[in-house]
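Below: one structure, written as structure tokens.
The values are calculated or read from the model by the stated rules, or taken from the named source; none is laboratory data. Treat the numbers as computed from the prediction; the structure is a model and nothing was measured. Heads up, the Cβs are rebuilt from the backbone with ideal geometry, glycines too, and the neighbour counts pull from every protein chain shown.
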Ligand SMILES: [Zn+2]
């Protein structure tokens, strides 16, 4: 094939545009700071709650413990249809949009349909200590 068809730029995956001012792709919202990946546990109009697990080091016991963190993130209009409860999404920090929202959803990583057994598969074997 000699002819090359130019479609869209590689960086722009979003087909639909939205009228949302607070959209990181089509609006004026700038994203910066930290980003996290988590599972959607609640969905509201224009807002979702995600939960993520992380390891926290406890100095006293010199060990790590699992901790769950919830993050409220803004859901832009263009992502509202494709994100549902249970999905794995990526959120990026932005300016505080309200009292509890200072993150915005930027990407959908995994669908609900895929199994979420990663936690169980990731189990660690606990050693029983020395017998003697
Ligand atoms: Zn948008």
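Some values worked out for this structure:
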| item | result |
| --- | --- |
| Residue that is at pLDDT below 90 and touching a strand residue (DSSP E or B) at 6+ places or on another chain (Cβ under 8 Å), where the choices are 115, 110, 132 | 110 |
| Filtered residue count, region 85-108, keeping only those that are touching a residue at least 40 places away in the same chain (Cβ under 8 Å) and exposed (fewer than 14 other Cβ atoms within 10 Å of the Cβ) | 2 |
| Residue list for region 77-98, filter: within 16 Å of the ligand (Cβ to nearest atom) and in a loop (DSSP other than H, G, I, E, B) | 80, 81, 82, 83, 97 |
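Residue-by-condition table, conditions (1) surrounded by fewer than 12 Cβ atoms within 10 Å (Cβ to Cβ); (2) part of a strand (DSSP E or B); (3) at pLDDT below 90; (4) within 15 Å of the ligand (Cβ to nearest atom):
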residue	(1), (2), (3), (4)
17	no, no, yes, yes
23	no, no, no, yes
28	yes, no, no, yes
35	no, yes, no, no
51	no, yes, no, no
60	yes, no, no, no
72	no, yes, no, no
